[in-house]
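These notes are about the structure you will find just below.
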Amino acid sequence: MIKLTSDQLDQFITSLAEMWEVRLPILLSDGTRIIGSLKDGPLALLGGAILSKPTAAFFPQHGTVFIATEDGVPESTDSLQPIFILGFTPRDLACLRFIDRFFADGFCDDLYFHQRKSAVVAGISGYCGPYGSLLAPAGGDCDLEFFWEGSSWLVIPYSSAGKALVAEFTDSAPPEAENRYRQAVMTPPDENERFLRRASELLRGNSVPDSFWVEIGDRCIACTGCNLACPTCTCFGVQDWRSAKRVERSRMWDSCQLDGFMREASGHNPLGSEAERSRRRIHHKLAADPEKWGEISCFLCGRCDAVCPTGIGIIAVARELVTRFG
Amino acid sequence: MSDTPCQRSLYQPFDCEIITVTDLTSAEKLFRVRRMDGLPLGHLPGQFVQVSLLGWGEAPISVASSPTREGAFELGVRNAGSLTSAMHLMQAGDTFGVRGPFGRSFDLQRLHGQDLLLISGGCGLAPLRSLIQYCEDRPDEFDQITVLYGAKSPGDRLFKDELAAWEASARFACSLTVDSVPGGDCFSGSVGLITALIPPLTIVPENTVAVVIGPPAMYRAVIAELKKKELGPERIVVSLERQMRCGVGKCGHCTIEHLYCCQDGPVFWLDEIEHLRGAL
C-alpha cells in the first residue's frame, strides 16, 4: 500500500497529463463539482460522489456513431488519447462494472469500448464522503483505488495497468493508516440495501398492485432526471443530423419516462401511461435485470433520489414499497 | 479492461441496392434488394434488418423473403414514418444501408415434421411470408400447411398474387378474409375477422404448431381461439413488433420485462412471454 500526501498526489496527476487525457473531480466557480479537466477548475476529490452520471465518460450523453460525407463514405475516426479517470466512488465502480458487462454481452458495443478498453479507472474511497463521511473501500472493480485516511491518500493498485502507473512509488503506508483502511473495509452495509433487496423480492413475486404504480406515475413529471443521472441507465436513441455536405449519425441518452420511448410507428405503445413507465423504471433495475444478469442494477449511488423533484427516486420508491407491502 | 473482443463497428451499415420496387397496396411497397458486395444477407425466416437511410436514421424492417430464394432479399415497407416515407420515394438503382440480420428466427428444427398453421393479419404477412416461401421451397420438411390471412379491406391485402397462388396450390390450405368491404367495392371473398377462420379447422394439437403475426389487437383473440382447439402455448409461436433502435440489445427500446425483443425475439414461443407484462 502506497501513501501519498496531497502534494504528491497533485504531482502524480500532473505527470499523467503527457500520456493520458486526465479526468477527475474539479470545482467550478459556481460551486458545482464535476468530472472534468484541471484546466477548468481546481481538484475537488473530497465531498463524495459527483452528481452527474459518472459512466458518461464512456457512454456520453451524445456520441457520434459515424459521419458520412456527400458520397456516403464514412470518415475514419481518429485515435484518441487514452483516458485516466479518477473519482468513481465504490458504488460508481459497481455501476461501471455492471455496464461493462452489459455493453460486452452478446454484440460487443464498440462505441462504448472505443475508449473504455484503454482507460485506467481510479476509484476514491475513505473519509472523503460528504462532510468527511466514510466511503467503504471498493477493494477492486477498478485499476487502482485512492483511499483518503484523513490526512493522506493510500493508493492500492489492482490491475496491471494500475500497478504500472504507480510502479515508481514504494510501499510506504504506516501500519496505523493500513489499520484505518482495514477498519473501513468492515463497514456494515447501508440499510437501504435491505430495502432494495426486499423491494426486488416483492416485485419479482408480483406482490405490488397496479394501483401503486398509478400513484407513483401521478407523482412523476417526466423530467427524466432519474435516467439522466443514473450510472446504469444505458438506453439511447439514434438520430441523424444533416448539414450541407455531411450526415452525422449519433446516439443520445433516452429516457423510459417519456411517452415516446417505446411508441411504434403503428401507434402501439407498450409503455403508454405514466404508471407503466414508472413501473418500468423501477422494475427494470430491481426485477428484470436480476432475472437477466443475476444482480440488481441499482448500486445505491443515490443520484436519482437526489435529482428527483417529486421524491420518487429508486431508494424512496423501494422504501415505500417495503413499508406498504412488506 | 483490455481483452474485450470488439470487431468492426456494430453500427456501421453495409450498402444495398434496390433491384425493384413493387406497390403492394396504396401504403405498402415491396423492395427487392441485393448487397452491393455480392454477399447473401445470411438471414433465416423471421429475422429483421435495420434499414439505414442517411439523414433519416434507421428503422427495423422484417425480411419478407426466404433465404432459399437466393440472390436478393425483400423488404415489405409500410409508409408510416419519416424514414419509410423517404424510402417510398426510392426507385430501382437507388442505394441504402442495412445492418443485420438480427433477432431470433423461427425454430425450423422444432417446426420440422409438424402441421403448420400460419396465421397473419395486415402487415404481419410480410415477416410470415419468409416462412411461407421457405415451406414452398422445402415442402418435404413439414406436414400439412394451412395459411390464414386477414386484412382490413380487399385493398389492404398484401401480396395479392401470391395469396392467389397459395390458394390455388395443392401444398397449402389457404383461407383469406377481410374485416369489411368499403361501399362500392366488388369483392367475392370471405368477410369477417380472422378469428372466424379458426373454428372450422381440424387441428391435431400434438402435431401442430401455429405461427401468429399481426397487429397487437389480433394476438389475444387469435390465441384464445387456438387454445379452444387445445393448442398449448408451447405450440404457438408469435413474432412481436417493437421499436428496435439498435437491433443488438443495447438501446433498451424493445424490452419486454427482462427480454430484449431484438435479440431474444422477435420470434417467441408463447409460453416464453405470455406471462410477461406488456408482451401481448
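Candidates in the stretch A:247-259 are the residues that are at the interface with another protein chain (Cβ under 9 Å from one of its Cβ atoms) and not β-branched (Val, Ile, Thr); of these, the one that is nearest to A:ILE216 (Cα to Cα) is A:CYS256.
Counting just the residues of the stretch A:232-261 that are aliphatic (A, V, I, L, M) and out of contact with any Leu (no Cβ under 6 Å at 6 or more places or on another chain), which one comes out surrounded by the most Cβ atoms within 10 Å (Cβ to Cβ)?
Taking the stretch A:232-261 as the starting set, the residues that turn out to be aliphatic (A, V, I, L, M) are A:238, A:244, A:247, A:252, A:258.
Next cut, out of contact with any Leu (no Cβ under 6 Å at 6 or more places or on another chain) only: A:238, A:244, A:252, A:258.
Working: A:VAL238: 19, A:ALA244: 5, A:MET252: 12, A:LEU258: 15.
Checked the stretch A:232-261; the qualifying residue surrounded by the most Cβ atoms within 10 Å (Cβ to Cβ) is A:VAL238.
Just checking, how many residues over the stretch A:180-209 are among the aromatic types (Phe, Trp, Tyr) and more than 23 Å from the chain's Cα centre (by Cα)?
Narrowing the stretch A:180-209 to residues among the aromatic types (Phe, Trp, Tyr): A:181, A:195.
Checking the rest, the ones that are also more than 23 Å from the chain's Cα centre (by Cα) come to A:181.
Of the residues in that region, 1 qualify.
Return the residue satisfying two criteria in turn: it lies in the stretch A:276-296 and is closer than 22 Å to A:GLY106 by Cα and among the small types (Gly, Ala, Ser), and of such residues it is farthest from the other protein chains (Cβ to nearest Cβ). Looking at residues that are closer than 22 Å to A:GLY106 by Cα and among the small types (Gly, Ala, Ser), I get A:GLY294.
Table: residues versus (1) farther than 30 Å from A:HIS283 by Cα; (2) within 14 Å of another protein chain (Cβ to nearest Cβ); (3) under 18 Å from the mean Cα position of the chain (by Cα); (4) not aliphatic (A, V, I, L, M).
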residue: B:LEU163; (1), (2), (3), (4): yes, no, yes, no
residue: B:TRP166; (1), (2), (3), (4): yes, no, yes, yes
residue: B:ALA173; (1), (2), (3), (4): yes, no, no, no
residue: B:VAL181; (1), (2), (3), (4): yes, no, no, no
residue: B:GLU206; (1), (2), (3), (4): yes, no, no, yes
residue: B:PRO233; (1), (2), (3), (4): no, no, no, yes
residue: B:CYS251; (1), (2), (3), (4): no, yes, no, yes
residue: B:TYR260; (1), (2), (3), (4): no, yes, yes, yes
residue: B:ASP264; (1), (2), (3), (4): no, yes, yes, yes
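Number of residues in the stretch B:53-67 that are touching a Leu at 6+ places or on another chain (Cβ under 8 Å) and outside any strand (DSSP E or B): the value is 4.
On the given criteria, is B:GLY278 under 27 Å from B:GLY100 (Cα atoms) and surrounded by fewer than 19 Cβ atoms within 10 Å (Cβ to Cβ)?
Details: under 27 Å from B:GLY100 (Cα atoms): yes; surrounded by fewer than 19 Cβ atoms within 10 Å (Cβ to Cβ): yes.
Yes: the conditions hold for B:GLY278.
Counting only residues that are in contact (Cβ under 8 Å) with a residue 40 or more places away in the chain and small (Gly, Ala, Ser), which one in the stretch A:197-215 is nearest to A:ARG319 (Cα to Cα)? Among residues in the stretch A:197-215 that are in contact (Cβ under 8 Å) with a residue 40 or more places away in the chain and small (Gly, Ala, Ser), the one nearest to A:ARG319 (Cα to Cα) is A:ALA199.
Please enumerate the residues belonging to the stretch A:112-131 that are assigned to a helix (DSSP H, G or I) and either under 11 Å from A:ILE85 (Cβ atoms) or more than 14 Å from every other protein chain (Cβ to nearest Cβ) (or both).
Kept after step one, since they are assigned to a helix (DSSP H, G or I), are these residues of the stretch A:112-131: A:112-116, A:130-131.
Scanning the stretch A:112-131 gives A:GLN115, A:ARG116, A:PRO130, A:TYR131.
If you take the residues of the stretch B:134-155 that are within 19 Å of the chain's Cα centre (by Cα) and among the hydroxyl-bearing types (Ser, Thr, Tyr), which of them is nearest to B:ALA217 (Cα to Cα)? This residue is B:TYR149.
Here the stretch A:262-275 is the region considered, the condition is being buried (at least 18 other Cβ atoms within 10 Å of the Cβ) and facing chain B (nearest Cβ under 7 Å), and the residue that is farthest from the chain's Cα centre (by Cα) is A:GLU264.
A:ALA167: surrounded by 17 or more Cβ atoms within 10 Å (Cβ to Cβ) and either modelled with pLDDT of 95 or more or away from chain B (no Cβ under 14 Å) (or both), yes or no?
Values: surrounded by 17 or more Cβ atoms within 10 Å (Cβ to Cβ): no; either modelled with pLDDT of 95 or more or away from chain B (no Cβ under 14 Å) (or both): yes.
No; evaluated as a whole, the condition is false for this residue.
Residues in the stretch B:214-268 that are in contact with an Asp or Glu (Cβ under 6 Å, 6 or more places away or on another chain) and farther than 30 Å from B:LEU83 by Cα: B:PRO233, B:GLU234. The requirement of being without any contact (Cβ under 8 Å) to a residue 60 or more places away in the chain and closer than 24 Å to A:GLU248 by Cβ is fulfilled somewhere in the stretch B:36-46, by at least one residue. Of the numbered criteria (1) closer than 22 Å to B:PRO266 by Cα; (2) in the same structural domain as B:VAL211 (by TED's automatic domain parsing), the one B:SER153 fails is (1). Can you say whether A:THR5 is at pLDDT 90 or above, in contact with a helix residue (DSSP H, G or I) (Cβ under 8 Å, 6 or more places away or on another chain) and either of a type in the set (S, T, N, Q) or over 30 Å from B:GLN12 (Cα atoms) (or both), as far as the supplied structure shows? Criteria not met by A:THR5.
The set of residues in the stretch A:93-111 that are small (Gly, Ala, Ser) and within 7 Å of chain B (Cβ to nearest Cβ) comprises A:ALA104, A:GLY106. In the stretch B:179-194, the residues that are under 12 Å from B:ASP156 (Cα atoms) reach residues that are surrounded by 11 or more Cβ atoms within 10 Å (Cβ to Cβ) and charged (D, E, K, R) with C-beta atoms within less than 8 angstrom, at least six apart or across chains, in these pairs: B:ASP179/B:LYS152; B:SER180/B:LYS152. Please go through the stretch A:1-27 and give me each residue that is within 14 Å of A:SER172 (Cβ to Cβ) and in a strand (DSSP E or B), ordered by number. Scanning the stretch A:1-27 gives A:ILE2, A:LYS3, A:LEU4. Of A:GLY139, A:GLY150, all but one fail to be under 21 Å from A:ARG33 (Cα atoms) and part of a loop (DSSP other than H, G, I, E, B); the exception is A:GLY150.
Within the stretch B:214-242, residues that are farther than 22 Å from B:CYS254 by Cβ reach partners that are part of a loop (DSSP other than H, G, I, E, B) with beta carbons closer than 6 Å, at six or more positions or on different chains, in the pairs B:GLU225/B:ILE198; B:LYS229/B:ILE203.
The values are calculated or read from the model by the stated rules, or taken from the named source; none is laboratory data. Remember, predicted model here, so these are calculated numbers, not experimental data. Here Cβ is always computed from backbone atoms with ideal geometry, including for glycine, and neighbour counts include all displayed protein chains.
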